[in-house]
Amino acid sequence: MRSVSIIGTGMMRFGKYSDTNMVDFAWPVVKAALVEADVTREQIQVAYCGSAASGSMAGQRVLKRLGMTGMPITNVEGACSSGAIALRLAWMGIAAGFYDYALAFGVDQLNLAGRPPGLIHGTEDWDFAYGLVMPGLYAMRARRYMHDYGVTETQLAKIAVKSKRYGAKNPYAHFQEEVTLEQVMASRMVADPLRMLHCCPRSDGAAAVVLCAGELANRHSPKPVRIIASSQHSGKYMPGFRDMTMPESSLRTAKEIYEQSGLGPEDIDLVEVHDAFTINELLYSDALGFSRPGEAVKLLEDGEFEADGKIPMNVSGGLNSRGHPIGPTGIAQVVEVTHQLQGRAGARQVEGAKIGMTHVTGGGVAGLDHGACTMHILGV
Amino acid sequence: MADAERLKLSHQPYLAIASGTPQLFAGTCEDCHHSVFPPAAVCPFCMSERMVAKPISKQGKLYSYSLLAQGAPEFESPYYVAYIDMPEGVRIFAQLADVDPATLACDMPVELRLTTPKTDRYGRKVGQFKFAPVARRTP
């Protein structure tokens, strides 16, 4: 298997772009990744596009604007994991020797999409047909976590305060304003115990990366970022009882990526986890091995999730502040970690970061903890 | 098995109402004895198609819950949602009725109740049942 590196990134501020369409805001992001990678469009041999709410052929619709057609373009839908799976497929193509250069990007425009299509299932999905919505699913995880481990609503609110504080340092973030604990605790209830400021916004946006075979990377980038490991799983169908405080698909994906990389939680300098809701930072800190089950809140209280802490957690502001356009979310995490490892993350820089991790789940399917979980470890 | 027969099994009822009393059914596999809810024509544990309807207890344990301030548009918000663990080994997603927020807690016993159904956007009757906290017996 060949080594694969990230040599170019393209990113935009996530937000509401209702007066334009996703093609118009996505092509500049893709072009920026090509320019940063110092590659011509003709060098790109394959493209993967993650999107969940933009209809059929999102990749072709964006890339034709740049004349990047003719090559294989594969559109990937994996709900919130779409972008990360697109990246993984691009990585596999180069690692296996089929290609030397690949583009992976994600795009969605949730503000025009109505109810996220990835979250609407047919009549066969019992939970969603009978009144479940995504905030409600995470609210039930939060309620059980609080019951089992004594975590309080104030502690959950502190996660939102932290996320918004880092969002304020991130020019790409949808929300760039700090909030107080009181503001979080007074924001309107969405799904008890999760309030508005506990929830990620529905955003529009795009994010892109250019990958190449490791041996070519130094021709294109002064500091290429290597994809050390990549892992993807689907959730296991468990129609019986399950422990909702320990998301099993994240647990299995983390186990595999640690085995693949020969690294452990103690080697990770920063992590971007799928914090669609505040409770997720606790759930995934436990699942990814940064804390023992139920003990993540101690890391939070001790400041270990901060940029200068033991395991900087979502110092981009995470989904909570950067926003969550679905398709590009997984790529945006990878762009953030790439910038961090290259020492170009500005006010939110984790000093001396050498190894970073991304984690994104995807979708609510009755009987599965998630439809998908996708993780990457990057290094310089 | 003929396709028509298989289709019929896929749509076997999960609920029966006899003289105002609701009864839920799981699909139970005659080969590996696992149960699924709602009933299905094929067993996800062993792929056997020898699935039979098995009555589910009226009472279960509240695994977790949430009050949705703004839920799905098909339902009138706010409403409570919950996962309920049944003695037959299935976890059922359902809405809750007759909740006293002050006493609602994980692991409390809840029981099946018949409620007035609504028609969802697929034209199906939904909300024919909910679970409610088991009333404390007065001494």
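Throughout, read-outs are computed from the coordinates displayed, never taken from laboratory work. Since we're looking at a predicted model, the values are computed, not measured. Heads up, the Cβs are rebuilt from the backbone with ideal geometry, glycines too, and the neighbour counts pull from every protein chain shown.
Straight Cα distances below 17 angstrom link residue B:61 to the aspartates and glutamates A:148, A:243, B:85, B:88, B:98, B:100, B:107, B:111, with same-chain residues fewer than 8 positions distant left out. Listed as lacking a disulfide-compatible partner in the protein assembly as shown: A:49, A:80, A:199, A:200, A:212, A:373, B:106, by the criterion of no other cysteine Cβ under 4.7 Å. Expressed in units of 2.2 N^0.38 Å, where N is the residue count, the Cα radius of gyration of segment A:142-190 is 1.29.
Calculate how many DSSP beta bridges within the protein assembly as shown are antiparallel, expressed in % of all such bridges and rounded to the nearest 5. Restricted to the protein assembly as shown, the bridges split so that about 85 percent are antiparallel.
For residue A:164, the aspartates and glutamates whose Cα comes closer than 13 Å to its Cα, not counting residues fewer than 8 places off in the same chain, are A:177, A:178, A:275, A:306. Coupling constants for segment A:229-245 follow from the phi torsions by the Karplus curve (6.51 cos²θ - 1.76 cosθ + 1.60, θ = phi - 60°), and in residue order they are 7, 9, 9, 9, 9, 9, x, 7, 6, 10, x, x, 7, 9, 8, 6, 8 Hz; glycine and proline get x. A cut-off of 5 Å between modelled amide H atoms, ignoring neighbours fewer than 5 places along the same chain, links residue A:99 with A:94.
When each of the peptides B:77-83, A:157-163, A:93-99 is scored by how many other beta carbons lie within 10 Å of its residues on average, the order from highest to lowest is A:157-163, B:77-83, A:93-99. Taking only alpha carbon atoms, chain A gives an Rg to Rh ratio of 0.94, where Rh is the Kirkwood radius. Electrostatic bookkeeping for residue A:175 treats Lys and Arg as +1 and Asp and Glu as -1; over the other residues with beta carbon under 9 Å from its beta carbon, the sum is +1.
Distant-in-sequence amide contacts of residue A:4, defined by a placed amide H-H separation under 5 Å and a gap of 5 or more residues or a different chain, comprise A:214, A:227. Pairs with C-alpha atoms separated by more than 25 Å, drawn from the list B:54/B:130; A:236/B:130; A:162/A:255, are A:236/B:130; A:162/A:255.
For segment A:97-198, the orientation-averaged shadow of the C-alpha convex hull comes to 11.1 nm² (one quarter of the hull surface).
Rounded to two decimals, what ratio of Rg to Rh does segment A:33-190 give with C-alpha atoms and a Kirkwood Rh?
Value, to two decimals: 1.06.
A simple rule links phi to the HN-Hα coupling: the Karplus curve 6.51 cos²θ - 1.76 cosθ + 1.60 with θ = phi - 60°, which for segment A:58-69 gives 4, x, 4, 5, 6, 6, 5, 4, 9, x, 9, 10 Hz, with x for Gly and Pro.
The ranking of A:344, A:41 by Cβ neighbour count inside 10 Å, starting from the fewest, reads A:344, A:41.
Size of segment A:161-285 from its Cα atoms: along the principal axes, largest to smallest, the extents are 53, 43, 29 Å.
Rounded to whole numbers, the Karplus 3J(HN,Hα) couplings from phi for segment A:288-304 are 8, x, 6, 9, 7, x, x, 9, 4, 5, 5, 4, 4, 5, 7, x, 6 Hz, using 6.51 cos²θ - 1.76 cosθ + 1.60 with θ = phi - 60°, and x at Gly and Pro. Backbone amide hydrogens, once placed in the peptide plane, bring residue B:129 within less than 5 Å of B:115, excluding anything fewer than 5 places away on its chain. Taking a straight Cα-Cα cut-off under 15 Å and skipping sequence neighbours fewer than 8 places away in the same chain, the aspartates and glutamates within cross-link reach of residue A:16 are A:24, A:108, A:204.
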